[in-house]
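Okay, so here's the structure we're looking at.
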Amino acid sequence: MTMNRTDFDTRVFLVNEIIRNGKTVTTVAKENNLNRGTLSDWVRKYKKSGPESLKPYRKKYSYTYQEKIAAVKRVILNGKSILGTVEEFNISSKAVLKAWIKNYNRQKELKNTGSRLSTMKSKKSSKKTSIQERLEIVQYTIAHNYNYQAAIKKYGVSYQQIYTWIRKYNSKGIQGLQDKRGRNQIIEELSEIDKLKLENNKLRDRNEFLEMEIDIEKKLQELNRNKKLFH
């Protein structure tokens with residue numbers, strides 16, 4: 001049973017099996033060979049807008065570039081849940097939003113869509129960097145608890161570049177950051193001064209991050225104390 005070919009009456013019946021008869025989404029999905037996420041979306045729509053919302057649509061949804069970017073950033077930057085964002089932006093399903101996020105993280109730009117929901121076009125080419133710069137970026141990101149957004153903003157490189165460098169660094173160390181094409185500074189050319197600078201930057205960034213965590217913890221403790229005074 002596929003989600004688009006499931007007729008309206010069947011959708012309503014399956015949702016009522018969950019809402020009225022107390023069955024779990026997992027059970028109903030297995031019994032009817034349905035995707036669990038699809039069934040969850042039907043239940044959500046039914047609860048929000050009633051049975052009319054379960055009618056199979058004849059044409060696919062269309063979203064603008066601005067709508068896609070806004071929805072993706074709501075999750076990535078603001079920490080809102082997938083479900084909450086789907087409801088806020090009236091997105092057809094959680095699967096659609098997850099696809100946008102996946103493509104965004106791959107550093108591809110979302111286009112306005114008509115017949116296809118997740119059509120993409122590539123962003124500008126990746127920024128060229130030396131091995132010293134890559135090492136500094138990796139150490140900065142790790143020191144800041146893998147905060148990719150902060151590193152992207154600070155160094156102007158892409159998410160995919162940072163992700164790849166960290167993966168190689170964790171696997172092979174500094175050797176993993178060497179550009180195989182031979183265009184960048186090789187590891188042996190890093191002077192002792194360069195290495196010391198990188199190590200100092202790493203320690204400085206780590207200390208700044210720890211200090212920020214301590215400040216946040218102090219503020220939370222102060223809020224808790226104030227809360228107790230008024231109770």
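The values are calculated or read from the model by the stated rules, or taken from the named source; none is laboratory data. Computed from a predicted structure; not experimentally measured. Note that we place each Cβ from the backbone using ideal geometry, even for glycine, and neighbour counts take in every protein chain shown.
Answer yes if at least one residue in region 2-22 is under 30 Å from residue 147 (Cα atoms), surrounded by fewer than 14 Cβ atoms within 10 Å (Cβ to Cβ) and modelled with pLDDT of 80 or more, and no otherwise.
no
Can you name every residue in region 33-54 that is over 20 Å from residue 88 (Cα atoms) and touching a helix residue (DSSP H, G or I) at 6+ places or on another chain (Cβ under 6 Å)?
36
List the helices (runs of 4 or more DSSP H) that sit entirely inside region 73-180 and contain at least 1 residues that are over 28 Å from residue 41 (Cβ atoms) and at pLDDT 85 or above.
131-143, 148-155, 159-172
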